[in-house]
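Worksheet for the structure shown next.
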Amino acid sequence: AQFGTSVAGANLAEGVVATYSGNFSTAIDKLRRASVIANSGEPSWLGRLIWAWQAHAYQILLRPEGIAGLAASILRSVQPEEHDVLSRLFSVVAVGLHFSDSYGRARPWYDAAHQQALAEGDDLTIDANLYNVAAYRIHNSRLNQISTVADASEVARARWEIQSSENFDRIKQGTTFLWTLPLHIARAVMLDGDFRT
């Protein structure tokens, strides 16, 4: 059992690296292998964590049909103390809803993911969700501008969210998103039509 856990954990790590390297076919293959090994008996914490990362990879692949079954499997057996599993799953749901321009429906999921990440002490997930809220608001504002004038209140709110994300990175000395935040600020300026700076 310990050997199987080690192999599943190694495949999970390789799958996550492949996801963030943009090698999605390898990511899904590694995560599926990890899942089969970890969930060969009763679903375990590791198995549920792998399912959550699989859902994340499917989201990045823009293949949402793979997410619902994984989410249902997690929610059937997850334990309340498995904050890492829940924060990952809730983040996936929040981003999916926000990406489709439904921040009102996404917000409770962002809040739930934030609470789970706080309980886990997971600064990276907190950082990612602060960034995602700002980035997807800018993304949706830019898409909406195609057919209408950008909503100035949404752009102003996005600027505050960008500042919040930047402040968190500076306090925690994180570098994950610092290089992209100026791009979102520039996009906000363009949406406002303010080209003086």
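The values are calculated or read from the model by the stated rules, or taken from the named source; none is laboratory data. Quick caveat: nothing in here was measured; it's all calculated off a predicted structure. Every residue, glycine among them, receives a Cβ derived from its backbone with ideal geometry; neighbour counts consider all protein chains shown. Quick note on the areas: whole protein, heavy atoms, side chains included, nothing else; ligands and nucleic acids left out. Shrake-Rupley method; radii C 1.70, N 1.55, O 1.52, S 1.80 Å.
Which of the residues spanning segment 43-64 are open to solvent by 60 Å² or more (accessible area, probe 1.4 Å) and either touching a helix residue (DSSP H, G or I) at 6+ places or on another chain (Cβ under 8 Å) or of a type in the set (Lys, Arg) (or both)? Matches in segment 43-64: 45, 60, 63, 64. The condition (being open to solvent by less than 70 Å² (accessible area, probe 1.4 Å) and in contact with a His (Cβ under 8 Å, 6 or more places away or on another chain)) is satisfied by just one residue among 94, 106, 152, 113: 106. Evaluating residue 151 against the criteria (1) modelled with pLDDT of 90 or more; (2) over 26 Å from residue 67 (Cβ atoms) leaves one unmet condition, (1).
Based on this model, can you work out whether residue 142 counts as among the charged types (D, E, K, R), surrounded by fewer than 20 Cβ atoms within 10 Å (Cβ to Cβ) and without any contact (Cβ under 8 Å) to a residue 24 or more places away in the chain? No, not satisfied.
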